[in-house]
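So the structure is just underneath, and the comments pick up after that.
Throughout, read-outs are computed from the coordinates displayed, never taken from laboratory work. Small disclaimer: the values here were computed from a predicted structure and weren't measured. Neighbour counts are summed over all protein chains in view; Cβ atoms, including those assigned to glycine, are modelled from backbone coordinates with ideal geometry.
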Amino acid sequence: MTVPVLSIDGPSGVGKGTLAAWLAAHLGWHLLDSGALYRLTALAIQNQRVPLDDELAVAEAAAGLDVVFAPDAATGLQTVFLNQVDVTDAIRTETIGNAASRVAALPTVRAALLDRQRAFRRSPGLVADGRDIGTVVFPDALVKLFLTASAGARAKRRYNQLMIKKNGANLADIEREITERDQRDANRATAPLRPAADAFTLDTTTLTIDQVRERALELLTISLQSID
Ligand code: DC
């Protein structure tokens, strides 16, 4: 039997990562945070001083990433190591997020990361989140979720997170950056952000985290029963 995959795609700040980590811990499945691979590539080229427009060198950096994901079994949240250095927080900055979105528009970089992503598919199952998981990486995923929320709602969530961490933030700037990233991710030629034809789209603008979890589990349970 093929190992089941639950894919969660959607725009920046929609809560894919939080949902994916929770589901993986809840189900005891593996987790792929594909965005982290693009963020790690952005950090690696920054460290190696490779310019963003040198596509071949960026793709080489992506292919050569020495990365370890160490998940916490209880929360599903992962510590990320690049060259044995803990970069969990370093890859979450807005600067690296924006660089990741640029790196991710390069077709050779996407190709370099494809097999690495597919290798995460191991028994008993995989929860994977990103932009092209249901369309390109795992087109045969058992359940495909596509999360959406208004740019305003996503900016507000991000703003609240930054406030909790006591980092200064400006709501209008965050919303503008989110919208810019959405446009870049959705309009690139290779593997643009869009729902797979067989994806369930869930607008989370007015939903609580618990409601989103419940809906995702419901869809997965129905699909797992159908293959039993
Ligand atoms: O989900 P994230 O914010 O960590 O992703 C960072 C960037 O990586 C995002 O702007 C687009 C890109 N990305 C992608 O192109 N394809 C994926 N499967 C995941 C992320």
* **Exclusive hit being within 13 Å of the ligand (Cβ to nearest atom), polar (S, T, N, Q) and closer than 28 Å to PRO71 by Cα, set THR148, THR135, THR204, THR208** => THR135
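Each row is one residue, and each column tells you yes or no for (1) among the aliphatic types (A, V, I, L, M); (2) more than 22 Å from LEU32 (Cα to Cα).
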{"site": "GLY134", "(1), (2)": "no, no"}
{"site": "LEU145", "(1), (2)": "yes, no"}
{"site": "LYS156", "(1), (2)": "no, yes"}
{"site": "ALA172", "(1), (2)": "yes, yes"}
{"site": "ASP182", "(1), (2)": "no, no"}
{"site": "GLU218", "(1), (2)": "no, no"}
{"site": "SER223", "(1), (2)": "no, no"}
* Write out, first by first residue and then by second, each pair whose Cβ atoms fall under 6 Å of each other, whose residues are 6+ apart or on separate chains, and whose first residue, in region 183-195, is more than 9 Å from the ligand (Cβ to nearest atom) while the second is aliphatic (A, V, I, L, M). => ALA186/LEU193
* To do: Could you name every one of the strands (runs of 3 or more DSSP E) located completely within region 1-114 that has at least 3 residues being closer than 23 Å to THR208 by Cβ?
  => 5-9
* Asked: Say we look at region 25-45 and pick out the residues that are within 16 Å of the chain's Cα centre (by Cα) and among the small types (Gly, Ala, Ser); which of these is farthest from the ligand (Cβ to nearest atom)?
  -> ALA42
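Would you please name the residue that is farthest from the ligand (Cβ to nearest atom), looking only at residues in region 122-132 that are among the small types (Gly, Ala, Ser) and under 18 Å from GLY28 (Cα atoms)?
The qualifying residue farthest from the ligand (Cβ to nearest atom) is SER123.
Just one of LEU145, LEU171 is free of Cβ contacts under 8 Å to residues at least 40 places away in the same chain, within 21 Å of GLY13 (Cα to Cα) and among the hydrophobic types (A, V, I, L, M, F, W, C); which is it?
Result of the check over LEU145, LEU171: LEU171.
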* Asked: Take the residues of region 72-121 that are within 8 Å of the ligand (Cβ to nearest atom) and polar (S, T, N, Q): which is surrounded by the most Cβ atoms within 10 Å (Cβ to Cβ)?
  -> SER101
